[in-house]
Structures are given as C-alpha cells and as structure tokens.
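Just below is one structure, and these are the notes that go with it.
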Amino acid sequence: MDFGYTTLETRSIDYDKFDRKLIEYLLQYEPSLLVCMACGGCTATCSAGNLVDFNIRRIQLMVKRGETDTLKAEIDKCMLCGKCMLICPRGVNLRNVVMLIKKKLSIDSGQLATKNNIK
Amino acid sequence: MKNIVIIGGGIAGVETACALAEGGNHVTIIERDDKLGGKLNQWYCLFPDFKKSTQVLDYIKNRIKNFDIELKLKSTVEKVEPNGDGYFIHTGNVRYAADAVVLAVGYDLFDATRKEELGYKIYDNVFTQADIEAKFRSGDLNTTFGKAPERIAIVHCVGSRDEKCHNMYCSKVCCVTGVKQAIEIAKFLPKTEIFCFYMDLRMYDKHFEELYRSAQEHHNIQFIRGRVSEVSATPDQRLSIKTEDTLSGRPMKMKLDMIILLAGMEAKKNTRQVARLFDVETEESGFLRSQDFHLGAGILSRKGIFAAGACISPMSIKETIENARSTAMQVNQYLKTL
C-alpha cells in the first residue's frame, strides 16, 4: 500500500558499508594520499576549482569515506595542471591520485583492458 | 671551582650561566653579538600575558650582575680540543678551559622569502611577525603607504609543517604569537578587520586557549581554516590572497592591506657547524639531538656537552627559562661525577 511516504537516504556516512576497493587501490599505488592534513592548499590553487564547482580536497576525503557516487562526473573536471602537487605541504601526489581514480573507474567499467579483465 | 663555558648569551645562555654561577662555578659566556638577550631584543611583548619583553631582558640583565660571570662578547668559537675530562675552547687568541660546555645558540626565524608564493620582499606590506614586533616597538602600524590598514591577514605555518621547505615539524609557538599579535593590533586599530588563516590552532600551554577565545569574544578576530596558497598585488596597491575556506569547502579570495607571515622557528644556520665543532649530533631538522627525549633533554651525545633553549627545539620564553634551569641542574650533577 502506498501511503505517499518514502524513506529518505540517511545523510550520515555509513562507515561500515563502504566498499574499500577504490581507496585500497589508490593507497597501493599512491601511498602519499595517507598524509593529507586537509589544509586546502590544493583547492585554493586549483585551476579547475577556481572556474567550476570542483573541490579536489573534498574528493580525496570522500574517497577515504567511501562516498563515491558522484566521483566519475567530478573527477573529469580536473585539468591535470599539477599545481596541487606543487603547493602540497605534505607532498601528496594528487595528480597521480586523479589519474589512478580515472584508471580504476575505467577498469571497473570494462573500458580499460588489464591483465585481469582480458578474456 | 669548576669552569663552565656557555656558548650564546640569549635568554637560555644567561639563565643557565646564572644558575650555574649560583652553585659556585666559574662561568664564561661567549656571545657573537655585542649584547646579551639574543632574539628577545627584537620582540615587543610576550604571550599570553602581554608582558613587555624588556621586563624579561631587565630580569636577566639584573640577575647576571649578582655573579662574577666572564662575558666574552663579539666572539665565536673557533676550535675545541679535549683536555682531560673537559675541553679547551678557543676564541680569537684566548683559550678557555671548560669542565662542561653548554650550547645555547638559539634559533633563526624561517626565511620567508623561501616561500616565494607568499610574496615576502616581493610585494609591499607583506611582513613577518618579527617585522610586526619592530612596528609595535616603533608605535607605527601603518602600511608602507602611510595608511592605517583596513584589513589584515595573519598567515599561520609559514615554513613549518611544510615538506616543501624541509621543515616537517610544528614550530608550536607561532599559533599563539599570531593570536597575541592579532589582539595587539585590534587594541591599537579597533576598526581594522583581522583574519587568522590556520590549519590547526595549537594552543598548547596554560592561558593560550583563553587568549584564543578572548581574540574571538573581545576583539572580533576571525579564524579561517585554510592554508594560504598564493599572495598577489592588486592594481589598487592592495594585496590579494587565495585560500580554501576548508570548513565551507569553497575556494576563497580576499583583498587586504597587510599580511603577516608567522615564520617558524628553525635551527640556526650555523647550528650544524657548531655541532661539528663540538662533535655532537643534530636531528634531521637541524636542532641539537638530546640523549633521550623524555629523560635526557639537554644532555647531548658527547660527555660534558649540554644544550639549553631553542637550539634543542622551538620553545617559548617561559619554556626557555625552565629549560635553562633544568640544564643547569644536569650540568651540576655531571660536575659532581668528575
């Protein structure tokens, strides 16, 4: 019976439900991602972020929290200029993180051939 | 009577010297400058109670008068030789016999020109906290164009917690220095808007947190959590900064009249050289390495060589005085074993 109500998705981050495959993949190939202290230097200097709604610091945080629903559309806004790496006081190679996210999304969607998915 | 040579006549050196002379030792201070007090001479007042730095300077100047301490100003150590259980310290044509040596060579402020993107010595009205202390002393807080600043940014963590300048450590006293200076400016220029750009506010010691609260409550200082990534000049002779307001998650721009860079404390440029001369170890950061972090602070890696003050790590004036007294105690204990 339809009472006209729907349950809302909870706004809280459900840490127990998150799929760790992406973050594990990123940390395997770019362990510098571990040491971010959220200063926001990358986002302040970001070429794309000054033009469009794109927050690279927030994206890496959301990946760490397993919130990846909008990741595909978000990550394509990066212009790969690399200024985030130049400014980072902790030496996080964010450009490589972006490249790895793109690669992993392509592998998962079957667009990129890897040793594992070549049949 | 034992002979002790102290290298450096800043707050740490003089306090250690007095404490050791009090115990009946013959103490010599070798100081490079032509006066005592070191970096404190450049400061106007101290956190968290706004005590005038001259009060601390007067304290050490009066204290040293009570003892027969030999002062060797405008001198540097050229050679160190072993001499039985102690050392011979050569400076110029004088040789001092020392049963123990205390290194109190102090610190340098991070050279803010190394962070080119922050515009120090490139644009007008970008200062360091040391420049501002000099402005406080002269009583002139105007911009270089002779106007009262309408808006000021205080930038935390310049040259500390920053891999790009090889300073991984937190210089710890800059946060509270920034808050102190913000309040001083607000008292002096009540109409000026003041912003602190921070990553983390480390109000670690007694009364620091209260000072932070007071800055918000009584002086309307605004705190924005984001590291300033770039400073540039605007056509109308103002300054513009870029940061991320990380708490709202959006990039932020702001026009300002003055920027104060809180440059971190670094090991002195010649600390490594001094360490080599005395054959003691330094840490990766360049500060002197104590034998044990918990139990042996100030006891260095070579017998009879000790350290006091900010050549061990960044520290406040209060901590420097405490540290100097504790080092003096350890030197006294060591001298009893000889």
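What the table below lists for this structure:
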quantity	calculated
Helix axis angle, B:53-65 relative to chain B longest principal axis, alpha carbon, degrees	10 degrees
Nonlocal amide H pairs with B:ILE6, under 5 Å, H built at 1.01 Å	B:THR28, B:ILE29, B:ILE30, B:VAL102
For the protein assembly as shown, convex hull of alpha carbons as volume per residue, Å³	219 Å³
Inter-probe distance in nm under a simple model that places probes 7 Å from Cα toward Cβ, at B:ARG276 and A:MET99	3.9 nm
Between helix A:94-108 and chain A: long-axis angle, C-alpha atoms, 0 to 90°, nearest 10	40 degrees
Alpha-carbon centroids, the stretch B:77-102 and the stretch A:1-69: separation in whole Å	61 Å
Listed residues B:LEU118, B:LEU288, B:LEU261, most fluctuating in chain B (Gaussian network, C-alpha, under 10 Å)	B:LEU118
Using a Förster distance of 25 Å, the FRET efficiency for A:ASP14-A:LEU112 (Cβ separation, nearest 0.05)	0.30
Isolated Cys in chain A, by beta carbon distance under 4.7 Å	A:CYS36, A:CYS39, A:CYS46, A:CYS78, A:CYS81, A:CYS88
The stretch B:9-49 residues near the modelled B:ARG114 label - backbone nitrogen below 20 Å, point 7 Å along Cα→Cβ	B:39
Computed FRET value (nearest 0.05) for B:LYS303 with B:LYS74, which takes r as the C-beta separation and R₀ as 25 Å	0.25
Estimated vicinal HN-Hα couplings, Hz - the stretch B:315-324 in sequence order (Karplus 6.51, -1.76, 1.60; Gly, Pro = x)	7, 7, 4, 4, 5, 5, 5, 4, 5, 4
Rough spin-label spacing in nm, given labels placed 7 Å along Cα→Cβ, for B:LYS121 and A:LEU27	4.3 nm
Between helix B:11-22 and chain B: long-axis angle, C-alpha atoms, 0 to 90°, nearest 10	30 degrees
Extension reserve of the B:PHE88-B:PHE50 stretch, reckoned as 0.36 nm per residue once the Cα distance is removed	9.5 nm
Table column - 3J(HN,Hα) (Hz), the stretch B:212-217, Karplus curve with 6.51, -1.76, 1.60, x for Gly and Pro	4, 4, 5, 4, 6, 6
In Å, descending, principal axis extents of the Cα set of the stretch A:19-107	30, 25, 19
Top of B:PHE127, B:PHE293, B:PHE278 by mean-square fluctuation, Gaussian network on chain B, Cα under 10 Å	B:PHE293
Long-range amide H partners of A:GLY49 with built H, under 5 Å	none
Two-site label geometry, A:LEU80 and A:THR7: point separation in nm, points 7 Å out along Cα→Cβ	4.2 nm
Selected from B:THR16, B:THR327, B:THR144 as most flexible by GNM, with chain B as the system and alpha-carbon contacts under 10 Å	B:THR144
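Rule-based calculations on the coordinates, nothing more; no lab input. Owing to the predicted nature of the structure, the values given are computational and were not obtained by experimental measurement. Every residue, glycine as well, gets a Cβ built from its backbone with ideal geometry; the counts of neighbours run over all protein chains shown.
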